[in-house]
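K.L.:
Please see the structure below; I have some questions.
The values are calculated or read from the model by the stated rules, or taken from the named source; none is laboratory data. Computed from a prediction, not measured in an experiment: that's the story for all the values here. Here the Cβ positions follow ideal geometry from the backbone for every residue, glycine too, while neighbour counts run over all protein chains shown.
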Amino acid sequence: MKRTGPTASLIRRALDGERVPLARAISLVENEAPEAVGILDACFAASGRAFRIGVTGPPGAGKSTLVARMAQDYRRRGETVAIVAVDPTSPFSGGALLGDRVRMGELAGDPGVFIRSMATRGSMGGLAVHTAQACDVLDAAGFSRILIETVGVGQSELEVAQAADSTAVVLVPESGDGVQAMKAGLMEIGDLFVINKSDREGADRAAFAVKSALELRAPGGDWSPPVLQTVASQGDGVAEVVEAFEQHRAHLEATSGLERRRRRRLEQRLHDLLRERLWGEFRARVPEQRWAASIDALVSRRLTPHQAAGRLAGDGSAAAGENGRAPRRGAGRSGRAVRSARG
Ligand SMILES: Nc1nc2c(ncn2[C@@H]2O[C@H](COP(=O)(O)OP(=O)(O)OP(=O)(O)O)[C@@H](O)[C@H]2O)c(=O)[nH]1
Ligand SMILES: [Mg+2]
């Protein structure tokens, strides 16, 4: 694929890791701009090398603090780091991340670190896709570790966390957290667990509760998630968290678990794209009036949802039939519901 013009130059510079073009490329992808597909296509071949690390947990658990410290530790190990902070609660683009930005300030001057925040525009589903795509761009730009921070409070946030190869669930010592984590499904997605704010009362108890809960978890292969304690604000225990992630990575590589996880992710991506595309094509073929009439037929119980879907789907393929003309009989049969719905 040969590209010329401003987008080609933007992509080239972004892939070279130039900050401004990189940030711009991610924004274009995030905004689903016309250039987005070209950017993603150009990045795809060069991606698949970064290790993607998810850090999730309840609000205020210290995720940003931990991520910033982990980034420093990874830099000491000679890795380059991209940080993607997902803030589903912020209606402003990154507005609520100001505190995080300040905390991450000391990383900001390092050319081996790139920090990006993603704010919701529209659905969480969209956020999950945009986060995964931003990771693809950063991966292609050559960052060897991508740290994804998400607030884990519901199913949709868990989807975001699934963009990662390996995920840490960050909890705090306060009682009840273990139970809450179970409820939110966080227990299922953690490859490792971190009790942060272990300078506070009850950290050992919380770690024990998490270990006990993990014993009840369905066996997920031969990796037993470690439960670590940190004081992220002081940097205590952070090197151990990084080490645990690296051990998990080695484990995944040795057992082809990484390949399996990535294959599953790519399959999901293909599935989503096809569903979106086929749905769009189908919907564009169904006239608005016919669509409304089908809903009317459901509301008045003249058709069941399955019947209505069957008829609309039949129409869809008929419309795409010979000479682009819908066969008379087909149209008549499936048009019945419309007529009766109208009068
Ligand atoms: N006592 C103590 N405070 C900490 C620790 N780690 C972080 N904090 C503080 O906890 C507060 C929240 O930290 P953040 O890193 O912003 O937490 P977060 O999970 O990113 O928060 P959200 O992104 O808003 O969900 C800040 O005031 C931190 O300074 C720790 O280990 N001990
Ligand atoms: Mg944060």
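K.L.:
What are the pairs with Cβ atoms under 9 angstrom where one residue, in region 295-307, is at pLDDT 95 or above and exposed (fewer than 10 other Cβ atoms within 10 Å of the Cβ) and the other, located anywhere, is in a loop (DSSP other than H, G, I, E, B) and of a type in the set (A, V, I, L, M, F, W, C)? Sequence gap at least six, or different chains.
P.N.:
Taking only residues 6 or more apart or on different chains, not a single pair turns up.
K.L.:
Here's something else I'd like to know. Does any residue of region 237-246 turn out to be away from ligand 1 (no atom under 16 Å from the Cβ) and touching a helix residue (DSSP H, G or I) at 6+ places or on another chain (Cβ under 7 Å)?
P.N.:
Scanning region 237-246, I find no residue that is away from ligand 1 (no atom under 16 Å from the Cβ) and touching a helix residue (DSSP H, G or I) at 6+ places or on another chain (Cβ under 7 Å), so the answer is no.
K.L.:
From the set of residues in region 1-33 that are modelled with pLDDT under 90 and more than 17 Å from residue 44 (Cα to Cα), which is surrounded by the most Cβ atoms within 10 Å (Cβ to Cβ)?
P.N.:
Result: 31.
K.L.:
OK, next. Within region 191-232, can you find the residues that are in contact with an Asp or Glu (Cβ under 8 Å, 6 or more places away or on another chain) and touching a residue at least 60 places away in the same chain (Cβ under 8 Å)?
P.N.:
230
K.L.:
So which residues in region 10-32 are among the small types (Gly, Ala, Ser) and in contact with a helix residue (DSSP H, G or I) (Cβ under 8 Å, 6 or more places away or on another chain), if there are any at all?
P.N.:
Selection gives 14, 25.
K.L.:
Working carefully through the options 100, 136, find the one that is surrounded by 16 or more Cβ atoms within 10 Å (Cβ to Cβ), part of a helix (DSSP H, G or I) and modelled with pLDDT of 75 or more.
P.N.:
So the residue among 100, 136 that is surrounded by 16 or more Cβ atoms within 10 Å (Cβ to Cβ), part of a helix (DSSP H, G or I) and modelled with pLDDT of 75 or more is 136.
K.L.:
What number of residues in region 44-73 are more than 11 Å from ligand 2 (Cβ to nearest atom), buried (at least 23 other Cβ atoms within 10 Å of the Cβ) and not basic (Lys, Arg)?
P.N.:
The number of residues fulfilling the criteria is 4.
K.L.:
Still on this structure, I have one more. Let me confirm something: among 85, 61, which residue is more than 15 Å from residue 240 (Cα to Cα), within 11 Å of ligand 1 (Cβ to nearest atom) and in contact with a helix residue (DSSP H, G or I) (Cβ under 8 Å, 6 or more places away or on another chain)?
P.N.:
When all the criteria are applied, what remains is 85.
K.L.:
Does region 201-232 hold any residues that are surrounded by 15 or more Cβ atoms within 10 Å (Cβ to Cβ), at pLDDT 90 or above, out of contact with any strand residue (DSSP E or B) (no Cβ under 6 Å at 6 or more places or on another chain) and of a type in the set (Gly, Ala, Ser), and which are they?
P.N.:
Matches in region 201-232: 202, 232.
K.L.:
Which one of 153, 169, 238 is at pLDDT 90 or above and out of contact with any Gly (no Cβ under 8 Å at 6 or more places or on another chain)?
P.N.:
So the residue among 153, 169, 238 that is at pLDDT 90 or above and out of contact with any Gly (no Cβ under 8 Å at 6 or more places or on another chain) is 238.
K.L.:
Please work out if residue 320 is of a type in the set (Gly, Ala, Ser), over 30 Å from residue 131 (Cβ atoms) and at pLDDT 90 or above. Before the answer, list the steps.
P.N.:
Numbers: of a type in the set (Gly, Ala, Ser): yes; over 30 Å from residue 131 (Cβ atoms): yes; at pLDDT 90 or above: no.
Judged against the criteria, residue 320 is not a match.
K.L.:
Still on this structure: Within region 255-268, can one find any residue that is under 27 Å from the mean Cα position of the chain (by Cα), outside the structural domain of residue 308 (by TED's automatic domain parsing) and under 17 Å from residue 313 (Cβ atoms)?
P.N.:
No, there is no match, as no residue in region 255-268 is under 27 Å from the mean Cα position of the chain (by Cα), outside the structural domain of residue 308 (by TED's automatic domain parsing) and under 17 Å from residue 313 (Cβ atoms).
K.L.:
Need pairs with beta-carbon distance below 7 Å; first residue within 17 Å of residue 140 (Cβ to Cβ) and within region 68-85, second of a type in the set (Ser, Thr, Tyr) and away from ligand 2 (no atom under 16 Å from the Cβ); sequence gap 6+ or separate chains.
P.N.:
Sorted first by the residue in region 68-85, then by its partner, the pairs are 79/144; 80/144; 81/74.
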